[in-house]
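Have a look at the structure below before the remarks.
The values are calculated or read from the model by the stated rules, or taken from the named source; none is laboratory data. Just so it is clear, the structure is predicted and the values come from calculations on it, not from any experiment. Here Cβ is always computed from backbone atoms with ideal geometry, including for glycine, and neighbour counts include all displayed protein chains.
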Amino acid sequence: MTAAFLRTRAFRDIVVVLVLVFGVGSIAMLLAHVSPIVGFGALFDGAWGTKGEIAETLVQTTNLLFPALGIAIAFRAGLFNIGAEGQLVMGGFAAGWLGAQFPLPGYLAVPMVLAAGTLAGGVWGAIPGIMRARFKANEVIATLMLNVVAILLTTYLVTGPLQQGGANGSETGPLPKAAQLTHLFDTQLTWAFVLALVLAFVLRWVLQGTVFGYELRAAGDAPEAAKRAGIDLGRTALIAMSLSGAIAGLGGATIVAGALHRFNTGLSPGYGFIAIAVALVGNLDPLWIVVASVAFGMLQSGGIAMQAEAGVPKEVVSLIIGLVIIALAGRRVVASLRST
Amino acid sequence: MQAVDGVDLELQPGEIHALVGENGAGKSTLAAIAYGAVRSDDGSVEAVGVVGLVHQHFKLIERLRVWENVLLNREPRRGWAIDVDAARERVRALSASYGLAVDPDALVETLPVGIKQRVELLRELDREPSVLLLDEPTASLAPTEIASFFTTVGDLAKRGTAIMVVTHKLAEVIAYSQRVTVMRAGRVVASHLTSETSADEIAREMVGGEVPALAARASVATAPLLEVRGLSARSGTSVLDDATFEVRAGEIVGVAGIEGNGQTALSDALAGVAAFTGELVFAGTPLRASDTPASRLARGIRVIPQDRRHEALVLDWNVRDNVALGRHRTLGLAKYAGAAREVIERFDVRPPNPDAIVAALSGGNQQKIVVGRTLASSPKLVVAYQPTRGIDIGAAALVQSRLIEARNAGAGVLLISFELDEIFATADRVLVIANGKFVGSFDRAGIDRGRIGALMAGNA
């Protein structure tokens, strides 16, 4: 399977997503005896109605944007990294634990916390990268497994050897004030949102405007031709997976430093999985992924309001997102498993 | 797109009718319509009896036995089970009756290509076709096998079967057919009794004008470039065994052989993508099995791979980025567009647009990009593996001319081809490969077609 294959059916994918969101969403609402107009109205209103709600939508956008950008880098290199969840969790853990363990002065604390998360996520991405480069191990299975390992490993570390006395033993200690991200406009939104946007533009430039990006795309779009043109596929896979994991890890660190102010094993409600759909809907193009993140961020934040205002269970949103993932990613996972 | 447009064609029982035309002229589509695999928008096909079709690429199930392949879906039954004895006997009788000797119990994967072709033929003959369509039937046969194949086909015709052979090999048309129809751009442009025409006339009709002449061969001083001693290599199922030869700067060395005789292993070993043992010395220093493709490129060794769609091009990319591939580091992004325009100009790539997506280009234009970017890097050694496969005569002549010009300018060229005519037209020396071994060497002046054909078939 080539990266080009992942990107071929962009238009059809958008149609599928719209049908799933509005079609399945409407059916689910009707089953709950709620008019879809009222239900979707509550969802939109809950996502964009007030300053606080807009901020929450953009926070969800940010939390999806980081892992989705990471996923896109791996996918563009032809690597089906579905381990963003694990990479994000590892990044969050490293940020939370180090930030609480080593309080640094203000101007160093935040960079250290974010760098720790980036590094940890990068390492977690590099592991399947090395397995792929050295042993041609299928990265789908490796990354999927490492998700579970990451969650169980951090749970073990937090409750066991690296315990810091956080609440009910499933958290690290609190981050000092200096290590927390500054809030914007007096809302929950932090400048992690701005960082994610800048990152999207930088990644777009890396992919389209550098020789490294050229080699990465060649490896993804036509590996045999790339190999014969002197591109080292193993090295490219390792770099792409490390970079991919690092970006997801950075995302985990911003959740810890921006919202939770500690690492908690329930840090992510599946951002790393939803981000697969976000990356595919965004056609693996960093700028379109920004747009897709806003749309999915809206579903995430509006779902709660929909439950409160219209009485539609917020699980309807999970249902829709789950179906989108199956529709967009399922076929590709099967193709990827067959190709190795 | 209209692949075939308003074609009238009539096959007579007892006649071998050749259908010729360039790639994309609509021959295979016409055959598929006649067979019933493709629906025509307008017009009709009428046949008395069953129509059979033998594909260019065998459609056999490798893991099954001969009788299982021949009788697939038509197995004689005894109750719920297949009557194996009756099946075996039916295949044996069929093969005896047509003089196509083959063991009904042999596993297809163990058979050489010539025998596989017989199995394909038997499968169609079991249906007792009154019309038999053969699509490029000799593509993977040795010259000697080709003669015996057409003897069989001639016998079939004498029994009253109407036979149509789709081919691009004009020598076979002249030698074996009674009637020939020429197609160009989806239309029939000429129809002759074979006895009343010539290969030259047919070629002109296929191209729609004069066949372009090749570049002149300048006399150049040659110098040692690549020395190969005892090279053994493997790439997938392709195996090369103990090859010793040299390629000098300023000459084209042709490697003549039938597909599947070790050519891929040879090409891949030189490209740096297949492991090898033996001694390779290039411009005075050794090449190692551990070399990366990048290090081969850096030393001026460029390979035009056999499969341009997978091994050479990124089909979803535009012309500009494809022209850069392989030189993308040394050129730098800013120079990609200029490099693309040079190749487009020198190789007459159509459309002449660096932003055109390569997948949308014809095979000939795709190949011009591959050959163009290869020669634009001023290589010392060019390994050209089937550089004109599946492209039209005009594009093929252009590619061959550019290879000759590279030779004239002092490059060494190793031309690996399944088309003897291509090798005879361009090579200074001819090496013959069979069963993974180099079995003969001929200077241009001493080329002996009959001898080369026999060597290719493995008859030393």
Do we have any residue at all in the range B:275-292 that's in contact with a helix residue (DSSP H, G or I) (Cβ under 6 Å, 6 or more places away or on another chain), surrounded by 14 or more Cβ atoms within 10 Å (Cβ to Cβ) and either within 11 Å of another protein chain (Cβ to nearest Cβ) or of a type in the set (D, E, K, R) (or both)? no
What is the number of the single condition among (1) of a type in the set (A, V, I, L, M, F, W, C); (2) away from chain A (no Cβ under 12 Å); (3) under 13 Å from B:Val382 (Cα atoms) that B:Leu270 does not meet? (2)
Subset of the range B:306-321 [part of a helix (DSSP H, G or I), modelled with pLDDT of 90 or more and at the interface with another protein chain (Cβ under 9 Å from one of its Cβ atoms)]: B:Glu311, B:Ala312, B:Asp321
Sole residue being more than 24 Å from the chain's Cα centre (by Cα) and farther than 26 Å from A:Pro111 by Cα, chosen from A:Asp232, A:Asp186: A:Asp232
Right, A:Phe296: within 14 Å of another protein chain (Cβ to nearest Cβ) and of a type outside the set (Lys, Arg) or not? no
Would a scan of the range B:357-376 turn up a residue that is among the basic types (Lys, Arg) and either touching a Lys or Arg at 6+ places or on another chain (Cβ under 6 Å) or away from every other protein chain (no Cβ under 14 Å) (or both)? yes
Which ones in the range B:376-399 are surrounded by fewer than 24 Cβ atoms within 10 Å (Cβ to Cβ) and assigned to a strand (DSSP E or B)? B:Leu381
Filtering the range A:203-238 down to residues that are touching a residue at least 24 places away in the same chain (Cβ under 8 Å) and among the β-branched types (Val, Ile, Thr) yields A:Thr236
Spot the failing condition for A:Ala253; the list is (1) buried (at least 19 other Cβ atoms within 10 Å of the Cβ); (2) within 12 Å of A:Leu65 (Cβ to Cβ), and only one is missed. (2)
Residue list for the range B:407-420, restricted to those being within 20 Å of the chain's Cα centre (by Cα) and in contact (Cβ under 8 Å) with a residue 40 or more places away in the chain: B:Val413, B:Leu414, B:Leu415, B:Ile416, B:Ser417, B:Phe418, B:Leu420
Go through B:Ile404, B:Ile393 for me and flag whichever is more than 21 Å from B:Ala265 (Cβ to Cβ), in contact (Cβ under 8 Å) with a residue 40 or more places away in the chain and touching an Asp or Glu at 6+ places or on another chain (Cβ under 7 Å). B:Ile393
For the range A:182-201, does any single residue satisfy the condition of being assigned to a helix (DSSP H, G or I) and more than 23 Å from A:Val256 (Cα to Cα)? yes
Considering only residues that are at pLDDT below 60 and part of a helix (DSSP H, G or I), which ones fall in the range A:8-31? A:Ala10
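Results for (1) in contact with a Pro (Cβ under 8 Å, 6 or more places away or on another chain); (2) loosely packed, with under 15 Cβ neighbours inside 10 Å, shown as yes or no for each residue.
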residue	(1), (2)
B:Gly49	yes, yes
B:His55	no, no
B:Lys59	no, yes
B:Arg78	no, yes
B:Arg92	yes, no
B:Ser95	yes, no
B:Leu100	no, no
Out of everything in the range B:203-237 that is surrounded by fewer than 19 Cβ atoms within 10 Å (Cβ to Cβ) and hydroxyl-bearing (Ser, Thr, Tyr), what residue ends up being modelled with the highest pLDDT? B:Ser232
Can you find even one residue in the range A:60-80 that is farther than 30 Å from A:Ala222 by Cα and without any contact (Cβ under 8 Å) to a residue 60 or more places away in the chain? no
Can you name the strands (runs of 3 or more DSSP E) wholly within the range B:132-221 that have at least 1 residues being small (Gly, Ala, Ser) and either in contact with a helix residue (DSSP H, G or I) (Cβ under 6 Å, 6 or more places away or on another chain) or free of Cβ contacts under 8 Å to residues at least 60 places away in the same chain (or both)? B:187-193
Of the residues A:Ala240, A:Ala178, A:Ala167, which single one is at pLDDT 90 or above and either more than 14 Å from every other protein chain (Cβ to nearest Cβ) or within 26 Å of A:Ala329 (Cβ to Cβ) (or both)? A:Ala240
Looking at the range B:77-99, I want the residues that are more than 21 Å from B:Gly160 (Cα to Cα) and have a partner that is assigned to a helix (DSSP H, G or I) and modelled with pLDDT under 90 with Cβ atoms under 6 Å, at least 6 apart or on another chain. Which pairs are those? none
Could you tell me how many of the residues in the range B:322-331 are facing chain A (nearest Cβ under 7 Å) and assigned to a loop (DSSP other than H, G, I, E, B)? 2
Can you tell me which of B:Arg346, B:Arg341, B:Arg373, B:Arg402 is part of a helix (DSSP H, G or I) and closer than 20 Å to B:Arg248 by Cβ? B:Arg402
Do we have any residue at all in the range A:39-46 that's surrounded by 23 or more Cβ atoms within 10 Å (Cβ to Cβ), over 26 Å from A:Arg235 (Cα atoms) and not small (Gly, Ala, Ser)? yes
Residue among A:Val158, A:Val149, A:Val140 that alone is at pLDDT 80 or above, assigned to a helix (DSSP H, G or I) and surrounded by fewer than 18 Cβ atoms within 10 Å (Cβ to Cβ): A:Val149
Tell me which residues, restricted to the range B:293-305, are more than 9 Å from every other protein chain (Cβ to nearest Cβ) and either surrounded by fewer than 22 Cβ atoms within 10 Å (Cβ to Cβ) or more than 19 Å from B:Phe245 (Cα to Cα) (or both). B:Arg299, B:Gly300, B:Ile304
